[in-house]
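I have placed the structure first, in the form of structure tokens, so that the comments after it can refer back to it.
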Amino acid sequence: MSERKVLTKYYPPDFDPSLVGRSRKPKGSSTLKVQTVRLMAPFSMQCTTCGEFIYRGRKFNSRKETPPDEKYLNIQLYRFYIRCTRCSAEIIFRTDPRNQDYIVEKGAKRNTDPWKRGLEKGREDETTEERLDRLMAEGMEGEEGGIQKERDVMMELEQKTEDAKREMAVADALDEIRSRNARLEKIQREGGGEIDVGDIGRGISEEEERRRKEEKEDEEAARRAFAFVRRQEMLEEVIEEDENEEEEEEGKGEVVAASSSSSVVVPAAATTTTTSSTGMPPPSFKRQVKKKKDRATLLGIKKKV
């Protein structure tokens, strides 16, 4: 068996390396570069030969051509060749860097052109400068429209706040009218007669004055009652303090009497104790050294002399 990994190769005697392989082409040559690639349809299209619809994302085996002279702002353009899935007609499309999309050149037509949506007739073939001017004008209009919308929103908010204030004022006025009507009905029931319209304000003012007077009288009575209670509490505290002071003074007098009697008795007891204990030596606070016991003699051990 031959070896799987060959270290040396056999070259016949008539081998000419110049006849084998491709020679390198010079850089920047004008020849077209063609590659076979697998791609998906970048857009939906319809075949002009048979009318077959080819949806976006359909996979094809295509030829990719790189024309060296076709560039846009130094961006290389690429051309692709595919065939219809029904009639095998050739379809050609290329890249479009200006619109960031693709352009169909032959064999099919696009279903939609995204950059032409919303454009009026006559603007389909506008130049780059015209498109930039149009986009700038649209941006200015959009900014003005945004400012106008913000103003409208602020005006709506102000209008809502004014409406809310007006509604609150109307509700307060209605509550006041209802309370006044209730007071008038009460006065009418108590008086038993009809009330003139001219006397309404006077009746209301008299009722309010009477009510305020009663409230003031109630407040004054409450204040007096609380003041009386505070005075009573203060008197009770003073009486209790006087009693406590009297008790303390009595206790101190008893303690002083007891101490005076004990002071009279103590010297006699002290003389008796001193006379009775004359035979005992007075206590001394000297340090006494204890003698060491001879343990050896107790155990019967004789020391060598």
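The values are calculated or read from the model by the stated rules, or taken from the named source; none is laboratory data. If you're wondering where the values come from, they're calculated on a predicted model, not measured in any experiment. Cβ atoms come from the backbone with ideal geometry, glycine included; neighbour counts cover every protein chain shown.
For every residue, the table says whether it meets (1) farther than 30 Å from Arg180 by Cβ; (2) assigned to a helix (DSSP H, G or I); (3) of a type in the set (D, E, K, R); (4) at pLDDT 75 or above.
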site	(1), (2), (3), (4)
Glu194	no, no, yes, no
Ile204	no, yes, no, no
Arg212	no, yes, yes, yes
Glu220	no, yes, yes, yes
Leu235	yes, yes, no, yes
Asn244	yes, yes, no, no
Lys252	yes, yes, yes, no
Ser261	yes, yes, no, no
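This table checks each residue for (1) modelled with pLDDT under 80; (2) farther than 28 Å from Phe60 by Cβ; (3) touching a strand residue (DSSP E or B) at 6+ places or on another chain (Cβ under 7 Å).
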position	(1), (2), (3)
Arg4	yes, yes, no
Asp14	no, yes, no
Ser23	yes, yes, no
Pro26	yes, yes, no
Arg38	no, no, yes
Ala41	no, no, yes
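A quick yes/no check of all residues on (1) closer than 30 Å to Thr127 by Cβ; (2) polar (S, T, N, Q); (3) touching a Pro at 6+ places or on another chain (Cβ under 9 Å); (4) surrounded by fewer than 16 Cβ atoms within 10 Å (Cβ to Cβ):
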position: Phe53; (1), (2), (3), (4): no, no, no, yes
position: Lys59; (1), (2), (3), (4): no, no, no, yes
position: Pro68; (1), (2), (3), (4): yes, no, no, yes
position: Ile75; (1), (2), (3), (4): yes, no, yes, yes
position: Thr85; (1), (2), (3), (4): no, yes, no, yes
position: Ser88; (1), (2), (3), (4): no, yes, no, yes
position: Ile91; (1), (2), (3), (4): yes, no, no, no
position: Pro97; (1), (2), (3), (4): yes, no, no, yes
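Somewhere in region 137-154, is a residue more than 39 Å from the chain's Cα centre (by Cα) and at pLDDT 75 or above? First the steps, then the outcome.
So in region 137-154, the residues more than 39 Å from the chain's Cα centre (by Cα) come out as 137.
The next check asks that each one be at pLDDT 75 or above; those that pass are 137.
Within region 137-154, one or more residues are more than 39 Å from the chain's Cα centre (by Cα) and at pLDDT 75 or above.
Which members of region 71-88 meet the condition of being in a loop (DSSP other than H, G, I, E, B) and more than 11 Å from Ile54 (Cβ to Cβ)?
Leu73, Asn74, Leu77, Tyr78, Cys87, Ser88
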